[in-house]
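The values are calculated or read from the model by the stated rules, or taken from the named source; none is laboratory data. Nothing here was measured: the structure is a model prediction, and the numbers come from that model. Note: ideal-geometry Cβ built from the backbone for every residue, glycine included; neighbour counts use all protein chains shown.
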Amino acid sequence: MKRTTVSQPELATLFIAASEQDSNLYYATRFMAPDPFIYLEIKGERLMVMSDLEMDRARTQASVDRVLSYSEIEQKAKKQGIKDPTAVDIVHVVLKESKIRRLSVPANFPVIHAARLQERGYSLKPKRDPFYEQRVLKTVEEVRYIEDAQRATEEAVAAAHTLLRRAEIKDEQLWLDGEVVTSERIKKFVNVKLMERDCIAQHTIVAGGEQACDPHNEGSGPLPAHRSIIFDVFPRSATSRYFADMSRTVIRGKVSAELKRLYGAVKDAQEDAIDKIKDGVDGMKIHQGICARFEKAGYKTGLVNGRMQGYFHGTGHGVGLDIHEAPRISRTGSLLQEGHVVTVEPGLYYPGLGAVRIEDMVLVTKDGCRNLTNFPKIFELG
């Protein structure tokens, strides 16, 4: 798909980064490389400067106008009297003919390169994310990539829930095949299932009991019976590079009335928020609505005995080439637009009682949204 450049006639765009770590660079080039390379947008033309190792692959795979040879430009720089050319020297040689001295760079542009460019007389204009504004509005192809990763996520979580259903309860813990069921065991199971679908999982959360009350605690040790267990799974497709994101809360064993009420409050709030999402709606208002709903139901938020409890995170975020990207459904908020893919993930956390978080991904449409998550919301696994 054709990428829109951000450069202006007197302003060039510059990246010096590895596209494997920089989603904006990958978005611009559709080329995956583990080592840094130079990418420039000059007067509407998109250029990559590549090492001999990556030249042929870049010319066949990259979505750019031209791929230049780093070694050829390096030789040119040496002929101009530069003894040991650096990446900045290579950029200078490429830009010299255009006479451009102003550069638009990402906010995470390396300081050492910035200093050397300024020494050469260039002025830099850092730009915060989203560097490419069009990234937040997903194409049909991008939505398909996200849905494919989501289907893999759902299959992995469904298989893990089947394991938990098979588990026996002994001494307030879950046992399966003669061994205690641990967070590590279930996370490994989920991650392997995702690998089988060509997805890469990092920081998968399977946290139960008190650990679940810390939203980003990945979980460790034995999983408890009779207490809530949060699954938060957000893999990246190894082929498309797009993420999925889903959270479900389950329990194996007896459910207290308080915990059942907590689950119902989160589920109802999430579904109400999804109903309110459409083009032009302010994400901040959706978030504030959930906060007010929880307060009205008696679920207070604040610091108790040195720990936060209640509802103390955002309601949602964009998903794409990054797991967390614009827009936000939170206290800062963003106006939602048709084409945004966002999560909706309210949660309540009370040490001593337990925690619940439920998360779906939705595609914002003109008159509402389409839920990209097909996984059921079932609390009690039996």
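Within the stretch 1-96, considering only helices (runs of 4 or more DSSP H) that don't extend past its boundaries, which have at least 1 residues that are assigned by TED's automatic domain parsing to the domain that holds Pro110 and among the acidic types (Asp, Glu)? Spell out the reasoning first.
On the way: elements: 23-29, 55-61, 70-79, 87-96.
Output list reads 55-61, 70-79, 87-96.
Residue by residue through the stretch 79-100, note down the ones that are surrounded by fewer than 14 Cβ atoms within 10 Å (Cβ to Cβ) and among the charged types (D, E, K, R).
Once the filter is applied, which keeps residues that are surrounded by fewer than 14 Cβ atoms within 10 Å (Cβ to Cβ) and among the charged types (D, E, K, R), the stretch 79-100 yields Lys79, Lys83, Asp84, Lys96, Glu97, Lys99.
Taking the stretch 89-134, which residues are in contact (Cβ under 8 Å) with a residue 40 or more places away in the chain, among the β-branched types (Val, Ile, Thr) and in contact with a helix residue (DSSP H, G or I) (Cβ under 8 Å, 6 or more places away or on another chain)?
Ile90, Val91, Val94, Val105
Can you tell me how many residues in the stretch 7-37 are surrounded by 21 or more Cβ atoms within 10 Å (Cβ to Cβ) and under 21 Å from Asp89 (Cβ atoms)?
So the count comes out to 9.
Within the stretch 95-111, count every residue that is over 17 Å from Asp22 (Cα atoms) and touching a strand residue (DSSP E or B) at 6+ places or on another chain (Cβ under 6 Å). Break it down into steps so the answer makes sense when it comes.
At the first step, the residues of the stretch 95-111 found to be over 17 Å from Asp22 (Cα atoms) are 95-103.
So of that shortlist, the ones also touching a strand residue (DSSP E or B) at 6+ places or on another chain (Cβ under 6 Å) come out as 98, 100, 102-103.
Final tally of qualifying residues: 4.
Scanning the stretch 56-90 for residues that are of a type in the set (Val, Ile, Thr) and out of contact with any Ser or Thr (no Cβ under 8 Å at 6 or more places or on another chain), which turns out modelled with the lowest pLDDT? So that I can check it myself, show each step before the final result.
To start, the set of residues in the stretch 56-90 that are of a type in the set (Val, Ile, Thr) comprises 60, 64, 67, 73, 82, 86, 88, 90.
Adding the requirement that they be out of contact with any Ser or Thr (no Cβ under 8 Å at 6 or more places or on another chain) leaves 60, 67, 73, 82, 86, 88, 90.
Details: Thr60: 98, Val67: 98, Ile73: 97, Ile82: 93, Thr86: 97, Val88: 97, Ile90: 97.
Applying the filter and picking the extreme gives Ile82.
With respect to the numbered conditions (1) part of a strand (DSSP E or B); (2) touching a Ser or Thr at 6+ places or on another chain (Cβ under 9 Å); (3) of a type in the set (A, V, I, L, M, F, W, C), which one is the sole condition not fulfilled by Phe294?
Unmet condition: (1).
Give me the pairs: first residue in the stretch 330-351 and at negative phi and without any contact (Cβ under 8 Å) to a residue 60 or more places away in the chain, second residue in a strand (DSSP E or B) and basic (Lys, Arg), beta-carbon distance under 6 Å, and six or more apart or on different chains, which are they?
Filtered contacts from the stretch 330-351: Ser334/Arg328.
Between Ala244, Ala238, which is surrounded by fewer than 20 Cβ atoms within 10 Å (Cβ to Cβ), under 30 Å from Leu176 (Cβ atoms) and within 19 Å of the chain's Cα centre (by Cα)? Full working, then the answer.
Values: Ala244 fails: surrounded by fewer than 20 Cβ atoms within 10 Å (Cβ to Cβ).
Sole residue among the options that is surrounded by fewer than 20 Cβ atoms within 10 Å (Cβ to Cβ), under 30 Å from Leu176 (Cβ atoms) and within 19 Å of the chain's Cα centre (by Cα): Ala238.
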